[in-house]
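Right, one structure below, let's go through it.
The values are calculated or read from the model by the stated rules, or taken from the named source; none is laboratory data. The structure displayed is predicted, hence computed values, not measured ones. FYI the Cβ positions are ideal-geometry reconstructions off the backbone, even for glycines, and counts take in every protein chain you see. These accessible areas exclude ligands, DNA and RNA; they are computed on the full protein's heavy atoms, side chains included. Shrake-Rupley method; radii C 1.70, N 1.55, O 1.52, S 1.80 Å.
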Amino acid sequence: MEETINIIRSASIPEREEIIVDFAQWLRTASQEALVYGEGRFALMSANMAEAIRMNADELARDNPETTERVLQQVCAMISQFKAAYPHRVLSRSVH
């Protein structure tokens, strides 16, 4: 993920938008995994952030690359903190 953040400055606007949407999807996936682990607050916060990023991806892509880079670094930090707390990947999201 960090490598992707570094190419934001040199990417075109459509490429930036695609990268931003990918990061939002990764955050959304972390949100769903957080629900499985019982981390409701993290799940809610990350789902809301992912949705806000996804809805504003076009504006972020056209905006200053430094701003986009900072947002993506925050997403990366959130995902890293969650993965550090729960290092084992969720294989099934079935809830009974």
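The residues of segment 33-46 that are assigned to a helix (DSSP H, G or I) and out of contact with any Lys or Arg (no Cβ under 6 Å at 6 or more places or on another chain), listed by number, are GLU33, ALA34, LEU35, TYR37, GLY40, ARG41, PHE42, ALA43, LEU44, MET45, SER46.
Assessment of segment 40-51 against the conditions (modelled with pLDDT of 90 or more, among the aromatic types (Phe, Trp, Tyr) and surrounded by 16 or more Cβ atoms within 10 Å (Cβ to Cβ)) yields at least one matching residue. Remark: pairs (first residue in segment 72-90, without any contact (Cβ under 8 Å) to a residue 60 or more places away in the chain and assigned to a loop (DSSP other than H, G, I, E, B); second residue open to solvent by 60 Å² or more (accessible area, probe 1.4 Å) and among the hydroxyl-bearing types (Ser, Thr, Tyr); Cβ separation under 6 Å; 6+ apart in sequence or on different chains) = TYR86/TYR37. Entry remark, segment 1-25: residues being touching a residue at least 24 places away in the same chain (Cβ under 8 Å) and surrounded by 16 or more Cβ atoms within 10 Å (Cβ to Cβ) number 9 in total.
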